[in-house]
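Below is one structure; the comments refer to it alone.
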Amino acid sequence: MAKKHYKAPLHQTGTVITTKTAYGSTSDMIADHSKYKITIEDSQVLCKDDKGFYVTSKSRIDTGLADPNRYANISSRFNHLEEVENASRS
């Protein structure tokens, strides 16, 4: 009689990633920070992914490496950003 070998089920998280990478930051994720009530340094950019907004350094964009500001650094995350109202509205 042959032994049955255990085969683990394929792992599915249920989340859909709409960006190019799951952990890295790319240039198509950059958002205009002047539309929001936020100030950042010259060496930083505001990025948007499926979970919301986060601030990262420009040196992390399009490197192919994982960006810790995206997945591990909670202090760089912004869950809710308010857009600045246009002054030209009547």
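Would you check if there is a residue in the stretch 31-52 being under 29 Å from residue 84 (Cα atoms), part of a strand (DSSP E or B), without any contact (Cβ under 8 Å) to a residue 24 or more places away in the chain and of a type in the set (S, T, N, Q)? Yes, the stretch 31-52 contains a residue that is under 29 Å from residue 84 (Cα atoms), part of a strand (DSSP E or B), without any contact (Cβ under 8 Å) to a residue 24 or more places away in the chain and of a type in the set (S, T, N, Q). Figure legend. Inter-residue proximity from the stretch 53-76: first residues touching a residue at least 12 places away in the same chain (Cβ under 8 Å) and in a helix (DSSP H, G or I), second residues β-branched (Val, Ile, Thr) and surrounded by 17 or more Cβ atoms within 10 Å (Cβ to Cβ), beta-carbon distance below 9 Å, spacing 6+ or different chains. Indicated pairs: 58/45; 60/45; 69/55; 69/56; 70/56; 76/55; 76/56. In the condition set (1) modelled with pLDDT under 95; (2) under 16 Å from residue 81 (Cα atoms), residue 10 is compliant with all but (2).
Within the stretch 14-30, the residues that satisfy the criterion of being among the aliphatic types (A, V, I, L, M), at pLDDT below 90 and over 14 Å from residue 65 (Cβ atoms) are 16, 17. Per the listing 63, 18, 56, the residue uniquely exposed (fewer than 10 other Cβ atoms within 10 Å of the Cβ) and either in contact with a His (Cβ under 9 Å, 6 or more places away or on another chain) or of a type in the set (Ser, Thr, Tyr) (or both) is 18.
The values are calculated or read from the model by the stated rules, or taken from the named source; none is laboratory data. Bear in mind the structure is a predicted one, so any value in this text is a computation, not a measurement. Note: ideal-geometry Cβ built from the backbone for every residue, glycine included; neighbour counts use all protein chains shown.
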